[in-house]
Amino acid sequence: MQPTDEILAQVPMDQLAQQLGTDRPTAEAAAREAVTSLLGGMQSGAGDEAGARSLLGALDDHSSSDLLDGGVQLGQVDTADGEKIVQKVYGVDSGAVAQRLSKGQVTDTLIKEVLPILAPIVLAWLAKNVLGRGQSGQQGGGGLMDILGQVLGGILGGGAGNPLDPQQAPTQQPPAQQEPPAQQPPTEQAPPPAQQPPAEQAPPQQPPTEPGGDTGKINTIPGPR
């Protein structure tokens, strides 16, 4: 089960919908957007050693949380602590993040209401999975830092960061360079047809010669004497 689904399975959706003043499908959609963004923001913040140690300190502070014991009771969630977590995760006014997460029935107002409710639950889930493995001896050579990396590495496909974290501007890929079309070699034109010599004209036919006639003389009729 993915971390987002595992955390949402702990949240009483009917109770959350009632607290948010909306229907269950809208509450579920808002909760999924909020949990995914919170996990991604924590993953992004733990990208260097200082951020990872800061997150481990926050997990240690919430290690005694019993929010996940026997299912979450929203009345036990400290939303004031949730506000601090949200500010720590995003580092800026959460209103900008809420606007990015809002879509359709899931308004930015709804996101801003649900983030501080779910933030302590997300942190309690991380504390259970990271610190719980450390207590069971699954630390490896790097201790809790390695476990934190393993747990966070499985979030959102591993290493992808949080695209909705305002500290991370989306990287724009340069447009793919299109190769110029291959030039076609010029088409060879067929040579012009050879000119035929003019046809020889047959010589004019001579009128037939009368038999016995002299072809070289003109017959004359003698006149009277």
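The values are calculated or read from the model by the stated rules, or taken from the named source; none is laboratory data. Just so we're clear, the structure is a prediction, and the values are computed from it rather than from any experiment. FYI the Cβ positions are ideal-geometry reconstructions off the backbone, even for glycines, and counts take in every protein chain you see. These accessible areas exclude ligands, DNA and RNA; they are computed on the full protein's heavy atoms, side chains included. Shrake-Rupley method; radii C 1.70, N 1.55, O 1.52, S 1.80 Å.
Some points to look at:
- Total charge dipole magnitude, segment 49-107, about the Cα centre, Cβ charges on Lys, Arg, Asp, Glu only, Debye to nearest 20: 400
- Charge tally in the Cβ shell below 13 Å around MET13, where Lys, Arg are +1 and Asp, Glu are -1, MET13 excluded: -2
- Equivalent-ellipsoid semi-axes of segment 55-99, from the Cα gyration tensor, Å, largest first: 22, 15, 8
- Among LYS88, LYS112, LYS103, the order of accessible area from largest down is LYS88, LYS103, LYS112, computed with a 1.4 Å probe on protein heavy atoms.
- Charged neighbours of THR4, selected by a Cβ distance under 15 Å, balance to -3 (K, R count +1; D, E count -1).
- Loop-located GluC sites (Glu not before Pro) across segment 1-91 with a Cβ neighbour count of 13 or fewer within 10 Å are lacking, with loop assigned by DSSP.
- Contour minus Cα-Cα distance for GLN99 and ASP78 (0.36 nm per residue): 5.2 nm
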